[in-house]
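Read through the structure below, which is laid out as structure tokens, and then see the notes.
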Protein chains: 4
Amino acid sequence: MIKVGVIGYGYWGPNLVRNFMTNQDTRVVAVCDQDEGRLKKVQALYPGVTVTTLSEDLIADSEVDAVVIATPVASHYDFALEALKAGKHVFIEKPITTTSEQASRLIDEAGSRGLTLLVDHTFVYTGAVRKMREIIQQPSFGKLRYYDSVRVNLGLFQHDVNVLWDLAVHDLSVMVYALDAEPVAVSATGFSHVRGEPENMAFLTVFFASDIIAHINVNWLSPAKIRRTLIGGSKQMIIYDDLEASEKVKVYDKGISVTETPDDIHKLLISYRTGDLWSPKINDTEALQVEVDHFVACLKGEQKPLTGGEQGLKIVRILEAADMSMRNRGAPVDM
Amino acid sequence: MIKVGVIGYGYWGPNLVRNFMTNQDTRVVAVCDQDEGRLKKVQALYPGVTVTTLSEDLIADSEVDAVVIATPVASHYDFALEALKAGKHVFIEKPITTTSEQASRLIDEAGSRGLTLLVDHTFVYTGAVRKMREIIQQPSFGKLRYYDSVRVNLGLFQHDVNVLWDLAVHDLSVMVYALDAEPVAVSATGFSHVRGEPENMAFLTVFFASDIIAHINVNWLSPAKIRRTLIGGSKQMIIYDDLEASEKVKVYDKGISVTETPDDIHKLLISYRTGDLWSPKINDTEALQVEVDHFVACLKGEQKPLTGGEQGLKIVRILEAADMSMRNRGAPVDM
Amino acid sequence: MIKVGVIGYGYWGPNLVRNFMTNQDTRVVAVCDQDEGRLKKVQALYPGVTVTTLSEDLIADSEVDAVVIATPVASHYDFALEALKAGKHVFIEKPITTTSEQASRLIDEAGSRGLTLLVDHTFVYTGAVRKMREIIQQPSFGKLRYYDSVRVNLGLFQHDVNVLWDLAVHDLSVMVYALDAEPVAVSATGFSHVRGEPENMAFLTVFFASDIIAHINVNWLSPAKIRRTLIGGSKQMIIYDDLEASEKVKVYDKGISVTETPDDIHKLLISYRTGDLWSPKINDTEALQVEVDHFVACLKGEQKPLTGGEQGLKIVRILEAADMSMRNRGAPVDM
Amino acid sequence: MIKVGVIGYGYWGPNLVRNFMTNQDTRVVAVCDQDEGRLKKVQALYPGVTVTTLSEDLIADSEVDAVVIATPVASHYDFALEALKAGKHVFIEKPITTTSEQASRLIDEAGSRGLTLLVDHTFVYTGAVRKMREIIQQPSFGKLRYYDSVRVNLGLFQHDVNVLWDLAVHDLSVMVYALDAEPVAVSATGFSHVRGEPENMAFLTVFFASDIIAHINVNWLSPAKIRRTLIGGSKQMIIYDDLEASEKVKVYDKGISVTETPDDIHKLLISYRTGDLWSPKINDTEALQVEVDHFVACLKGEQKPLTGGEQGLKIVRILEAADMSMRNRGAPVDM
């Protein structure tokens, strides 16, 4: 039984506690939050759990094997480093840290101590994203061409991070997991409609070493919620709509074929192919439940983190570059 | 009765001929195309019309009052200049020319001769776009914040122009017509998946003098057709979906209110407003019919061109800047 | 504080317990179920609650003011009658009983003892249905013409009741609440695809005293879930789609006008009106929470039950008539 | 070359003329209509065609091989009989006649003369319906269980026929073509909201000899257009939505399995299967073009009519029975 301490019981904390409570290999033994009202709720629901407003007590608790960090991003680094130094495994909210330097430091600390460091990029553990990865990696999909995502809604304005760090981070985690391609440069533009606040709309292009291009459109000021990703392959294409109740992933047997006519090497023949559409059944197990199982398997040494420090760092590097580009109205930033 | 000669009877030409034939103030008297098979179709449908493969004959025809140019973009400038010099009014397909220099030259020629020069930016004449302009200009819409459009499909790869000049041109015409704002810089990224061919995917950000940002996503390699535009105002927001059969324009009574709390000027209070949705009835008269009426009114001096040379030039300038930015992976280009 | 005992902790029971627990005027003091595993779950979540497998103990418990009955329909009558005789108020799942005779008996018992009897027709307490009633009762809606609902999905086959008693009961509760019209006859058809089991598809027409007709299509064997109701008025019409995330109720400013031409009384002029569409903001408070508040208000004598025994009886009468008609392939049954 | 005379140039006539004109084996030589304005339009578009207001002249025309009848239903029988007697093949609008007696008479006349009689049940010739028939007939579909269709819109009130004869006729033609099952009884209900006019809403249940049930919901007074059919099989189910641009036919790998447990013959085990969804590419050739080809092949003796007099009669018999049932509020009518 892995004993877990959770720091932060705000928006996402209750989901984390519930999943670590119901997993057969884990149990939450302590919860820390600065808001006493929230701690009372924890006690009402889970009478046996120790509650505290002092994170240092939770981290020092010898009963705790793993620390879950669900606090604002700015505090991630300090809590995670402290926990690793105390010999605890770490399960940390996304994005891992506010700088790539911090992320590297955490990776080193976890590595040298043989501890597991997992970043909660929840989307990677959904049935839809796992199914898409499977499809993309089959030869029937052809060569990957592009990833193009719109992720917008009337969202809470955050004061500490811009919309890229809040929403684009999800697409970046999917891309890093499913695309298997190295980003070489980014260009980003964005805008803040509230003076003094971080950007609430942003458009990010990622260039890759191979013939792939990715684009992400995020917005906290959209009248309707849209979650739609197009993934183009040379033989098949995918539309992933996370708001669809039953057909989240659609695979189109569509594409273009390019052939060079033999007598004239400069003359291209582009022909179109349109065929059937197929929507695979998606495993609808709660993503967080899959992720907690994975965390346990990592602690037991049976699996390697799918969204470990390295993946978390890769994503923070893209976000850092995007911020730099966005401050210069899209000027490209090499990676 | 205004007598019209049409150069080019390809994809769009038949629609132009039909509309100039059925308008009570215009009549097509001559059609020119290099493909004799197409000319035969013209003769079968409209026995009285003169057909020719020689554009110079049509332009020189003294019976012709106005020349309609529906040929590939590269030939627009020469045909239009020739027609204006011959004293004919000109109705020309979009985009007006391949360079802003050429567009300026046509504007001067038409201006000095007192001739009408109208660019066929058809979307401006749709009921949906006219209704949106009306809504945006009302105080109830608040201050315009952004324009964000996705216009993708499995489209014909064009060999002479990239996807911006083919598809983004529609959004630019809507923006120039409906937004009433001056672009100051652009950043564009894009990609060609077929070696040696123009870009088939592109992402364009337009920055304006005021607090507005625009973004356009165009793609010839999408598995499904999407035509969706979000227009954000401070009090209302619009979703315009051109593929919706009956509810093309939806107006959301949604927005955010930003107030500074009196005791602490740095503390912003951002509150959300969500109310009803309203979808106005849209006039579904064929856009081209409205546009031909407008062309006639311009010739009679009753109206001024909504999509004249000036508007056409403004759009070409944005496209030129976008091309330059796209070649530099998003590096911003001032206008 | 109203003290509540809940009989039945199956599918719906946990929602009932949660809502009676969180309401400020009510508290669950006892839960009865025959499955000990379920009772353990109750104890884990709500340590202070008395659990029992004996309904008679719960009903006899002098601490209990009101009994909530969430058991299979066949047992409703016995539990409810026992509870009323013990002087408890009753909150009972839909449909109230399996026969109209039983329902009448419960109404009498509650009436003579001055106790509240509320049937849990949850849809009546949703924001969407309350908003629709409001719209239908305004003069702008015109004269009500029809109610036409499709409520299908791949549903659990029930062994004790057919699909009308399981699904159509929801539409009947909406109709009784929102339509304010007296049914005079029904015709129903249906089919069972599993020998020996109740009908899994059914189609019910209800005729009213006024010029209204209603139709309900229910099916446990549909590949996709559909919840869509058309409500026609002479001036406006409604489409209510319960699966729509944000636009559940759409009001169409559409209709037909019928005028008799003065010179020929037999000649009708039917003209069409199509105007804007409007989708009002819907209150999204959980329906059960609204209903528990209403139950409390009824107990305090401040309100009269919207879905009391009388309404429950009216619905059972329609279902009884529908069963009779369905056994005779649609032969009409007067009410 | 088959020479065709067309009687009736109203709503559907122009489509018929165009398709008989462009088919390589047929040519329209004469058009009859009582409205001279319409005849002028014919002459403008097709200068070589003879026009007349006298149907007897067209039918007597020795040049005419086949007569196309696109007039109001009430006149179908007389025109068709006259044409057959004159030795002409007949292509007639749906429904074939207003009574089954008339239909039988036409079948006899055509049969005894060896002439082709084709009813224009256009839906049978769409790619979607032909694809569905293919799917239903494969063993993977399992045993057919039901057909359930909604076909509603704000439609033109017709004064001569009710909504069943106008709209349900389409579903009946699809059913007769694709279902391969014998109707044994019907129950129908309906309503007219305009005094003295035929029913504008109707609900029709068809019972079959085998374990199939069909239901059709038609309405001229719906605020939105809906064209959706569910077809249930024991192994797969179909949703056919004719308004979907690109995914008209969806095949669900869903169903229920019913097994009897060995130890207790009365205990049924019903288990659910949910799998992938598949949307086949649909041939989008214009249905009328396919149908005219088929008509030609029938005249040449190469094919037998898919929608001949027999099929037309079968449909009229169902409609007659439905009318009788509808007048008696759903009382079943055996066939």
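The values are calculated or read from the model by the stated rules, or taken from the named source; none is laboratory data. A quick note: this is a predicted structure, and the numbers were derived from the prediction, not measured. Cβ coordinates were reconstructed from backbone atoms using ideal geometry, including for glycine residues, and neighbour counts include every protein chain displayed. What goes into the accessible areas is simple: the full protein's heavy atoms, side chains included, and nothing from ligands, DNA or RNA. Shrake-Rupley method; radii C 1.70, N 1.55, O 1.52, S 1.80 Å.
See the values below:
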read-out: Residue within the range A:137-156 that is farther than 21 Å from residue B:152 by Cα, touching a Pro at 6+ places or on another chain (Cβ under 8 Å), touching a residue at least 40 places away in the same chain (Cβ under 8 Å) and within 13 Å of chain B (Cβ to nearest Cβ) present; value: yes
read-out: Condition broken by residue D:244, with the remaining ones in (1) in a strand (DSSP E or B); (2) more than 10 Å from chain C (Cβ to nearest Cβ) satisfied; value: (1)
read-out: Condition met for residue A:70 (open to solvent by less than 10 Å² (accessible area, probe 1.4 Å), small (Gly, Ala, Ser) and either touching a strand residue (DSSP E or B) at 6+ places or on another chain (Cβ under 6 Å) or more than 27 Å from residue A:49 (Cβ to Cβ) (or both)); value: no
read-out: Selection from the range D:165-181 of residues that are touching a helix residue (DSSP H, G or I) at 6+ places or on another chain (Cβ under 8 Å) and assigned to a helix (DSSP H, G or I); value: D:165, D:168, D:169, D:170, D:172, D:173, D:174, D:176, D:177, D:178
read-out: Residue list for the range D:207-227, restricted to those being part of a strand (DSSP E or B), of a type outside the set (Ser, Thr, Tyr) and surrounded by 22 or more Cβ atoms within 10 Å (Cβ to Cβ); value: D:213, D:214, D:215, D:216, D:217, D:218, D:219, D:221, D:223
read-out: Options D:100, D:140; residue that is in contact with a Lys or Arg (Cβ under 7 Å, 6 or more places away or on another chain) and within 23 Å of residue D:335 (Cα to Cα); value: D:100
read-out: Restricting the range C:191-206 to residues that are free of Cβ contacts under 8 Å to residues at least 60 places away in the same chain and open to solvent by less than 10 Å² (accessible area, probe 1.4 Å), the residue that is farthest from the other protein chains (Cβ to nearest Cβ); value: C:200
read-out: Residues of the range A:299-333 classified as within 20 Å of residue A:129 (Cα to Cα) and over 15 Å from the mean Cα position of the chain (by Cα), total; value: 2
read-out: The range C:106-152 - residue that is open to solvent by 10 Å² or more (accessible area, probe 1.4 Å) and part of a loop (DSSP other than H, G, I, E, B) and, of those, farthest from residue D:230 (Cα to Cα); value: C:114
read-out: Yes/no for residue A:175 being within 20 Å of the chain's Cα centre (by Cα) and at the interface with another protein chain (Cβ under 7 Å from one of its Cβ atoms); value: no
read-out: Residue check, residue A:84 closer than 26 Å to residue A:1 by Cα, open to solvent by less than 10 Å² (accessible area, probe 1.4 Å), free of Cβ contacts under 8 Å to residues at least 60 places away in the same chain and not in a strand (DSSP E or B); value: yes
read-out: Test: residue in the range B:182-190 that is more than 7 Å from every other protein chain (Cβ to nearest Cβ), under 18 Å from the mean Cα position of the chain (by Cα) and over 21 Å from residue A:326 (Cβ atoms); value: yes
read-out: Residues within the range B:169-190 that are buried (at least 24 other Cβ atoms within 10 Å of the Cβ) and within 19 Å of residue A:188 (Cα to Cα), tallied; value: 5
read-out: So residue A:161, is it modelled with pLDDT of 95 or more and under 20 Å from the mean Cα position of the chain (by Cα); value: no
read-out: Members of the range B:282-314 that are polar (S, T, N, Q), touching a residue at least 12 places away in the same chain (Cβ under 8 Å) and touching a His at 6+ places or on another chain (Cβ under 9 Å); value: B:307, B:311
read-out: Hey, residue B:274 assigned to a strand (DSSP E or B) and open to solvent by 20 Å² or more (accessible area, probe 1.4 Å) or not; value: yes
read-out: Total residues in the range A:228-240, condition touching a Phe, Trp or Tyr at 6+ places or on another chain (Cβ under 8 Å), more than 8 Å from every other protein chain (Cβ to nearest Cβ) and not in a loop (DSSP other than H, G, I, E, B); value: 4
read-out: Test: residue in the range A:52-65 that is at pLDDT below 95 and surrounded by fewer than 16 Cβ atoms within 10 Å (Cβ to Cβ); value: no
read-out: Filtered residue count, the range B:236-246, keeping only those that are crowded, with 20+ Cβ neighbours inside 10 Å and either of a type outside the set (S, T, N, Q) or without any contact (Cβ under 8 Å) to a residue 60 or more places away in the chain (or both); value: 4
read-out: Search result, residues across the range A:1-51 that are part of a helix (DSSP H, G or I), surrounded by 16 or more Cβ atoms within 10 Å (Cβ to Cβ) and of a type in the set (Gly, Ala, Ser); value: A:13
